[in-house]
Amino acid sequence: MSNTRLLPSASSAPTQDKPAGAPRRASMQQIFRAAEHLFGRDGYKGTSMAAIAAAAGLPKANIHYYFGTKEDLYRAVLENILVDWLDDATLWIREDLTPREGLEGYIRAKIAFSRDRPDASRIFAHEVLQGAPHINQFLGTSLRVHVQNLDKTFTAWQRAGLMRPIPSTHLMFCIWSMTQTYADMNAQIVAVLGQPAMEKQDYEDAATTITTLVLGGCQMHTD
């Protein structure tokens, strides 16, 4: 998955023309990667633009050139995380797949995201716990519309007799909470497991367990 799908919005970016091409894309990748890690580790208040610039290996002026303020960058990072999550949902939850194929694929993609980009999940969790002040509009528009569009696939599966008639929105809430806990609550999980970090098999067990629970609750026995 790309870490740089979302570029700064027109409202948050400086008014002067931006350079295009590979150098800019490379800079954006460095900025997003560094900002995601530091915001996830130290929080919004504990992270400075200077620290992000140092971690990205870029002059501080470059960060301000693309984003203007720390708040602009923070919002862009959050929206970029959500875009990546939505892309995974679009890839897997579609009518030409069975519920088993689609839901298992999506669950495994979300577990992989929690494993590979735990800071991203933590940033999002912290933002939502604060009332989502920076991305409430995005949640109520882009995310809401996307989930409504996914409902069309769930409805098609249900009409075909492949899936029980359960509210698809709440099913998505359950999948998000179960998969993202392996990033958000990682300290608790490894403490209970009695090991310093989760291992490859732990993530495999997590994906298998969640898939079994989800399919057992919503899938008909015809596919």
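The values are calculated or read from the model by the stated rules, or taken from the named source; none is laboratory data. Since we're looking at a predicted model, the values are computed, not measured. FYI the Cβ positions are ideal-geometry reconstructions off the backbone, even for glycines, and counts take in every protein chain you see. Accessible surface is based on the protein model in full, side chains and every heavy atom, while ligands, DNA and RNA are left aside. Shrake-Rupley method; radii C 1.70, N 1.55, O 1.52, S 1.80 Å.
How large a share of the accessible area of the chain, in percent, is made up of carbon and sulfur atoms when the probe is 1.4 Å and the other protein chains stay in place?
55
If the chain were replaced by its equivalent ellipsoid, with semi-axes equal to the square roots of 5 times the Cα gyration tensor eigenvalues, what would those be, largest first, whole Å? Display every interim value, and only then the final one.
Working: eigenvalues 230, 91, 42 Å².
Over the Cα atoms of the chain, the ellipsoid semi-axes are 34, 21, 14 Å.
Over the chain, give the accessible area per residue in Å² for a 1.4 Å probe, as an integer. Walk me through the numbers on the way to the answer.
Numbers: 11370 Å² over 223 residues.
Heavy-atom accessible area per residue stands at 51 Å².
With an 8 Å Cα cut-off and a minimum separation of 6 or more residues, compute the relative contact order for segment 136-223 in percent.
Numbers: 33 pairs, mean separation 35.3, N = 88.
The value is 40 percent.
How large is the accessible surface of D42 in square angstrom, using a 1.4 angstrom probe and rounding to the nearest 10?
60
Starting from the Cα of K60, draw a straight line to each of the lysines and keep only those under 24 Å, dropping any in the same chain fewer than 8 residues away.
Once the sequence-local lysines are set aside, what remains near K60 is K18, K45, K70.
DSSP H helices in the chain with Cα extent of 18 Å or more along the helix axis and mean Kyte-Doolittle hydropathy at least -1.0?
Flagged H segments are 22-42, 70-92, 99-116, 144-159, 168-184, 200-218.
Of all the stretches in the chain, which is the longest one without any exposed loop site, taking GluC sites (Glu not before Pro) in a DSSP loop (any state but H, G, I, E, B) with at most 14 other Cβ atoms within 10 Å?
96-198
Summing -39500 (n - 2.57) over the DSSP H runs of n ≥ 4 in the chain and dividing by its residue number, what mean residue ellipticity at 222 nm do you reach, to the nearest 500 deg cm²/dmol?
The per-residue figure over the chain is -22000 deg cm²/dmol.
Would you tell me the accessible area of H64, worked out with a 1.4 angstrom probe on the heavy atoms of the protein chains, in Å² to the nearest 10?
70
If you rank D184, D202 by how much accessible surface each has, with a 1.4 Å probe, what is the order from largest down?
Ranked from most to least accessible, the order is D184, D202.
May I ask for the Kirkwood hydrodynamic radius of segment 94-183, worked out over all distinct Cα pairs and given in angstroms to one decimal? Please list the in-between numbers first.
On the way: mean 1/r = 0.0698 Å⁻¹.
Averaging 1/r across every pair of different Cα atoms and inverting gives 14.3 Å.
For L58, what accessible area in Å² do you get when you roll a 1.4 Å probe over the heavy atoms of the protein chains, rounding to the nearest 10?
Rounded to the nearest 10, that gives 30 Å².
Relative contact order for the chain: what is it in percent, counting Cα pairs under 8 Å that are at least 6 residues apart?
Taking the mean separation of contacting Cα pairs over the length of the chain, I get 23 percent.
Size of the dipole of the chain about the Cα centre, Lys and Arg at +1 and Asp and Glu at -1 on the beta carbon, nothing else charged, in debye to 20?
Numbers: 22 positive and 23 negative charges, 97 e Å.
So the magnitude is around 460 debye.
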